[in-house]
Each structure stands twice: as structure tokens, then as C-alpha cells.
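A short write-up of the structure that comes next.
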Amino acid sequence: MAVDYSIIGERIKCARKACNMTQDNLSEQMGVSIAFLSRIERGSSQINLKRLSQICEILGISEGDILNGSSKKSSKYLDVEFANLLKDCSPEQQKLIYDIAKVIAKKD
């Protein structure tokens with residue numbers, strides 16, 4: 001099975017944004033150019049294991065989360081997915097989602 005670097009790049013981008021980090025911040029900590037990090041996030045540049053480990057260490061996530069998606073064993077399971085979902089919603093939609101989640105959480 002071929003590696004889809006665009007999916008890996010999107011997961012890196014989502015994890016970076018979940019940490020409230022800019023490309024400039026992350027690239028500086030990595031010691032690479034913003035252009036290089038941008039190519040990784042777009043999937044137009046392949047990332048090696050050394051760089052992947054470096055990114056994961058900085059962002060506080062596992063390589064498995066980046067390579068395989070969210071891990072149900074992770075304490076941050078679905079954090080990024082919820083953040084991405086909510087950012088595209090209006091304030092009214094966000095409130096509705098919150099109210100529904102609150103009702104569901106009380107039933108468990």
C-alpha cells in the first residue's frame with residue numbers, strides 16, 4: 001500500500017493548529033524553512049522518520065496518530081476532529097452541538 005503524504009500532512013497541520021502553533025513557530029523549533037514545512041503539510045514533500053519523530057515530539061503526539069489517524073487509546077482522541085468540525089460552524093451551530101453533547105454526556 002502506498003503512503004499518502006497528503007493525509008499525513010493534513011494530520012500534522014491539524015495537530016499543529018490544535019497546539020495553537022503557527023507554521024513559523026513549528027518550523028523554527030524544527031530548524032527548517034516555513035516553505036519546507038508547508039510542503040510537508042500539503043503532502044508535496046515526503047517526510048522522513050527523523051522529521052516525523054521531531055514533529056511529533058514538539059506537538060506532543062505519537063507517530064502512530066499521524067500515520068494511522070486518531071488513536072482511541074490517546075487521551076486526546078478526537079480533539080483535533082472536534083476542533084476542525086467546530087471551527088467551520090456558526091456560533092449558533094456550535095451552541096447546538098455543545099447542548100446536544102452535554103445531554104449525551106449526562107446520560108452516560
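For region 1-17, name all the residues that are of a type in the set (Gly, Ala, Ser) and either closer than 13 Å to residue 45 by Cβ or modelled with pLDDT under 90 (or both). Don't jump to the end; show me each part of the working.
Quick first cut of region 1-17, residues of a type in the set (Gly, Ala, Ser) only: 2, 6, 9, 15.
Those that are of a type in the set (Gly, Ala, Ser) and either closer than 13 Å to residue 45 by Cβ or modelled with pLDDT under 90 (or both): 2, 6, 9.
Is it the case that region 35-49 has a residue that's on the phi > 0 side of the Ramachandran plot and either assigned by TED's automatic domain parsing to the domain that holds residue 86 or free of Cβ contacts under 8 Å to residues at least 60 places away in the same chain (or both)?
Step one: list which residues in region 35-49 are on the phi > 0 side of the Ramachandran plot, which gives 43.
Then keep just the ones that are either assigned by TED's automatic domain parsing to the domain that holds residue 86 or free of Cβ contacts under 8 Å to residues at least 60 places away in the same chain (or both); that gives 43.
The answer is yes, given that some residue of region 35-49 is on the phi > 0 side of the Ramachandran plot and either assigned by TED's automatic domain parsing to the domain that holds residue 86 or free of Cβ contacts under 8 Å to residues at least 60 places away in the same chain (or both).
Conditions (1) at pLDDT 95 or above; (2) among the hydroxyl-bearing types (Ser, Thr, Tyr), marked per residue:
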site	(1), (2)
38	yes, yes
60	no, no
71	no, yes
77	no, yes
80	no, no
103	no, no
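Within region 14-25, does at least one residue satisfy the condition of being hydrophobic (A, V, I, L, M, F, W, C), more than 24 Å from residue 82 (Cβ to Cβ) and either touching a residue at least 60 places away in the same chain (Cβ under 8 Å) or exposed (fewer than 15 other Cβ atoms within 10 Å of the Cβ) (or both)? No, every residue in region 14-25 fails to be hydrophobic (A, V, I, L, M, F, W, C), more than 24 Å from residue 82 (Cβ to Cβ) and either touching a residue at least 60 places away in the same chain (Cβ under 8 Å) or exposed (fewer than 15 other Cβ atoms within 10 Å of the Cβ) (or both).
Quick check on region 29-70: of everything there that is out of contact with any helix residue (DSSP H, G or I) (no Cβ under 7 Å at 6 or more places or on another chain), of a type in the set (D, E, K, R) and loosely packed, with under 14 Cβ neighbours inside 10 Å, which residue is nearest to residue 82 (Cα to Cα)? Taking the candidates together, the pick is 57. Counting only helices (runs of 4 or more DSSP H) wholly contained in region 2-45, no element carries 3 or more residues that are in contact with a strand residue (DSSP E or B) (Cβ under 9 Å, 6 or more places away or on another chain).
The values are calculated or read from the model by the stated rules, or taken from the named source; none is laboratory data. If you're wondering where the values come from, they're calculated on a predicted model, not measured in any experiment. Methodologically, a virtual Cβ is constructed for each residue, glycine included, from the backbone with ideal geometry; neighbour enumeration extends over all protein chains shown.
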